[in-house]
Each structure stands twice: as structure tokens, then as C-alpha cells.
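To start, the structure itself, in C-alpha cells.
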Amino acid sequence: MTTPVPTYSLRATPAPGQDAVLTPEALAFVVDLVRTFRPRVQELLAKRADRQKDFDSGKAPALLPETADIRAGDWRCAPVPEVIADRRVEITGPVDRKMIINALNSGASVFMADFEDATTPTWQNLIEGQKNLYDAVRRTISFEQPGKAGAPAKKYALNAETAVLFVRPRGWHLPEKHVLVDGQTAPGALVDFGLFFFHNAKEQIARGAGPFFYLPKMESHLEARLWNDVFLFAQDRLGIPRGTIKATCLIETLPGAFEMDEFLYELREHSAGLNCGRWDYIFSFIKKRANDKTALLPDRGEVTMDKAFLDAYVTLLIETCHRRGVHAMGGMAAQIPIKNDPAKNEQALAKVRADKLREVTKGHDGTWVAHPGLVPIAKAIFDEHMPQKNQLDKRPSAKITREDLLRPHEGKRSDAGLRHNIRVGIQYLEAWLRGQGCVPIYDLMEDAATAEISRAQVWQWIHHAAPLDDGSVVSPERFERTVAEEMKRIEDEVGNAPFSAGKFDEACELFVRLSLAPRFEEFLTLPAYELVTRDPLEA
């Protein structure tokens, strides 16, 4: 007689609060989601890999002929509820307790709690994040920060009025190796979505909001269709009316930019619009065209939103969303206030103002910031130029072509740019390996998306022996010498003791390995995930 495979098993050291999150009923719901949809997740990831082979052989993305009728059709998405009709400023951040309170209290219209790019998916982070959001939905969340040097402790709690909560689960590509269903790893997206939806959807509805989500890193409308089917399944299972869920798709992959209409069509009952996930989009532009020497980009700082493929994608996104009756959301300002240098602080804030002015005058219905201190600045710009709740009636007139969406930026590639990419990439990876997915580096808030740009540029410059503005080229040997020099600079900047106590050697080894690999690794978070969960019982 054979022993049946258990329905599920947990391969993690129990985290505080785990029993409240992983109730038998919640786990049964997640198991049903995984059993129903995991085969399609695996199938679609295989399709991604096949499509990448086409890109690697020189075939760039294009509009799909089989969906021409959808693009030409006269249809609109279902209206969004009044509670999210005005989304002029949205703040994003990880799911730690203090951040959730500060973000909900920030004065923003929406807080997007991020299980993806801003969170290292250790088991403890994920369980704590779910528990924190459970408390936030019920307004019982609080936090006490111990005082320093005799100062009293600081207490945090929710204001009477707070931002509307959106949640971003992980992308389809990320596994959750701590949860096995029928002996196989569960997709992280289904675990994140399933636990949050099961515990909170009805409570959110009762409180006048609803289960609202951001959907990351999709590369095909078939992936959007999968999310739509997940939504239908989840609503039916919990007895919630279809269409109650509303979700905004991040357009942060190059293939996704060629399927904006299709994304909205697949989710038309559940759509809350599209968002310009600018940092991941830059990364995807490099990744999808990694073998194309004509697609080399200049220094990261010169790849700006007002030019080349980025300006084209913004224009197309706004036009597409407004034609279909949903929000066109702008991108994240990565700047943070610089408290110890007023001059540099004003320069940073001036960049934020210019960025938000560009977005609102272009036609966006709202924008993102990464720090509560930027909410008033972004809100003032949108209040002045968009006094109404949104500007769905505004349509850009430019006709965007395939060539527009594939046009690289002009600009210089420099030794300084190479060195900056190396320092940012290594420092971000070091923080990620310590469990922090969102960290300030050189006065910018870096998450996995921004770090991916640095890593991708270095790989592409090495792979193509990219010429720099001083006449030299980027070779593997030069890269390794530069890494050694920049590691010394990092140690000087962070200090000997923090450097020695950190995970800089591991981060450096991984960054170098990814940069010199003969084939481009799809996501740095995949090999990094193996490092933070080498032993599933010690995550």
C-alpha cells in the first residue's frame, strides 16, 4: 500500500504570528488555487522562455496579429468604484509594520503594499507582512519604536483618514519554496494573493473599499487572462460578486508594452488601469534585447522618461487606458529627502517636481512616490494641473509606432556610470540577502527593479565590449578590476565594522557571476532567493 502525498507541507521554521495567518481554512484556499492554476503558471513560464529565444535570435517584440480585433474593437472596461476614482498620488513600499502605518498616514490616495520588488521573500518577512496587512485592514495595527539616548519611545498608529490599500503579490516567475502542494513548490503569486484575499477581502468590502491589487511583470495577455481566472475562482469560492476585485497591471516588460489593449481586455471586468513601471521597464528593454548590439543604452542616469522608447511607451499607455475608460498611472519617483544637505535636497525635490509635472501634463491620472516626504510635493503638482478626480477624457494625439517603442536613448557611456552600476548592484544585493528589499543608496530608494537596471547594463556592456566616452571598452578583465576597486570604496563609505558584519562578499560574488555569465540570467532575485533559503527550515 502506497502512502499518499500530503495535500500540503510547510518547509520553514515557524515565524511569529504564523498560526493566525496559516489557518486551516486559509491554507485550504491556497491549496485549491495552486492545484487549479499552477499547471498554467508553468505553461506560461515555458512560453516566456521560448519567446526569449526568439528575442535572442534578433526578433524584437511586435504587435500580435491574432489580437488585432481586440485592439480595433470598440469596448471599455467596467467602471472603477468611487473609492478609487481619484488616485492622484500613490506611495509604494514593503510590508513591514512601521512602513505600512507611515504610508497609510502619508496623505497619499493609495498605498501599494509590496510583496514583490520591495520585499525579500524570507518566510518571516512574508508571514509578518500578511499579519501586518490583516491588522491594517482592521485598523488595529500599531508599532512602538524604542527611544534612543534617553528619549521616549515613539508610537505609531493609523490616522482617522488613510490611503486606500492595494497589494502587489509576487510575479509569476517567483516560487514559494516553503510551501509545497502535492509535493511541488507553490507559485509565490498564488500564496501572496490567496492568503491576503482569504483573510481580508470581505473585511475590506464591509469597510467601504475592496480587494485591490497591482499585478507585476506580465509579458503576455495570456498571463493577464490567468490572473482574471484566478480572480473569478477566488470570488466564486468566497461568495463575493464577480468584478469586485480591481487590479492595475504594471506595464514593466517590453513585450507587455505591445499588448496593453489585450491586458485590459482580458481583465476588463476587474481592471483599474495600467501603470508605467518605469524601472522594471528599462530593465526589460535591456533584458529582452540583451543580444542586440543596436539596443545598447547610455549611463543609467541618462535614460530619462522624456525621450526615446520611454516617452513612446508613456504616450501609448495613456492613450490606451483613456480609450478604454481606466486610469493611466505614472511611475515612481525614486528620490528621497536628503536631510543633511539642503542644497542636494532641493536638487532632488526639483527633479521630483519636474517629473510629476511631466506626468500630469502628459495625461496621467496619478503618480507614484517611494517616500512619505514626497507625497505633498507630488500632490501639489497634480492638484494644480488636475483639479478633477482624473483626466480620463485626455487623449495624447501622437501615433506611436513599433520603431518608437524600440528606439534606444542617445547619450554617453562612462567609466563613472560603470562604477555606479557596480556599487549600486552590490550594495542592493547585500541588503536583499540580509532581508531588506527596499533600501536608500546614494539618495535614491533602490528596490529590485532599479538594481536590475545596474546589473543588466553591466552584463550588456561586457557582452558587447561597449565603447565608453573615453575611447576604452568594457571587457571582463576591466570589470573585475573595477569591482575590486569599488568594493574598497564601498567599505570606506559604509565603514569597516558594518562591511565586515554584512553580506558584501556574497553579494559581490553573485553580482560578478551574473555579470560574467555567458547567458543573461532572467532575474537576479532567482539565484539570490536560493542564497537566502539554502536550507528551507532556516529561512
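Details
- Inter-centroid distance (Cα atoms) of segment 98-131 relative to segment 1-70, Å: 22 Å
- Distance between the pseudo-spin-label points of ASP404 and GLU302 (7 Å out from Cα toward the beta carbon): 2.4 nm.
- Most to least packed among 514-524, 303-313 [average Cβ atoms within 10 Å]: 303-313, 514-524
- The mean sequence separation of alpha-carbon pairs under 8 Å and at least six residues apart, normalised by the residue count of the chain, gives a relative contact order of 17 percent.
- Charged-residue dipole, Cβ positions (Lys, Arg, Asp, Glu), segment 415-533 about Cα centre, Debye nearest 20: 140 debye
- Segment 415-533, relative contact order [Cα under 8 Å, separation at least 6], %: 35 percent
- Shape call, segment 40-99: gyration tensor on alpha carbons, a/c limit 1.5: oblate
- Peptides 392-403, 268-279 ordered by packing proxy, namely the average of other Cβ atoms within 10 Å per residue, highest first: 268-279, 392-403.
- Radius of gyration over Kirkwood radius for segment 415-533, both on Cα atoms: the Rg/Rh ratio is 0.95.
- Theoretical ellipticity at 222 nm over the chain - DSSP helices of four or more residues, -39500 (n - 2.57) apiece, nearest 500: -15000 deg cm²/dmol
- When you restrict to C-alpha pairs under 8 Å that are six or more residues apart and normalise by the size of segment 148-199, the relative contact order lands at 27 percent.
- Basic side chains Lys and Arg get +1 at the Cβ, acidic Asp and Glu get -1 at the Cβ, and with that the dipole of the chain about its Cα centre reaches some 720 debye.
- Semi-axis lengths, Å, segment 2-89, gyration tensor of Cα atoms, sqrt of 5 times eigenvalues: 37, 27, 15
- Under 5 Å between amide hydrogens, built in the peptide plane, is the criterion, and for ASN275 it picks out CYS249, LEU250, ILE251, MET329 among residues at least 5 positions away or on other chains.
- Cα-based Kirkwood hydrodynamic radius, segment 131-285, one decimal, Å: 17.3 Å
- Segment 262-280 versus segment 399-457: alpha-carbon centroid distance in Å: 24 Å
- Sorting 503-510, 357-364, 449-456 by their mean Cβ neighbour count within 10 Å, with the most densely packed peptide first, gives 449-456, 357-364, 503-510.
- The computed Kirkwood radius over Cα pairs in Å for the structure shown corresponds, within (1) 27.2; (2) 23.9; (3) 25.2, to (2).
- Rg in Å to one decimal, and Dmax rounded to a whole Å, for segment 230-332 via C-alpha atoms: 16.0, 53
- Among residues other than ILE422 with Cβ under 15 Å from its Cβ, the summed charge is -4 (Lys and Arg +1, Asp and Glu -1).
- Gyration tensor (alpha-carbon) shape descriptor, segment 365-434, a/c threshold 1.5: oblate
- Net charge of Cβ neighbours under 14 Å - reference GLU452; Lys, Arg +1; Asp, Glu -1: -2
Bear in mind these aren't lab numbers, they're just calculated from the coordinates by the rules spelled out. This structure is a prediction, so every number in the text was calculated from the model and none was measured. Please note: Cβ atoms are built from the backbone with ideal geometry, for glycine as well, and neighbour counts cover all protein chains shown.
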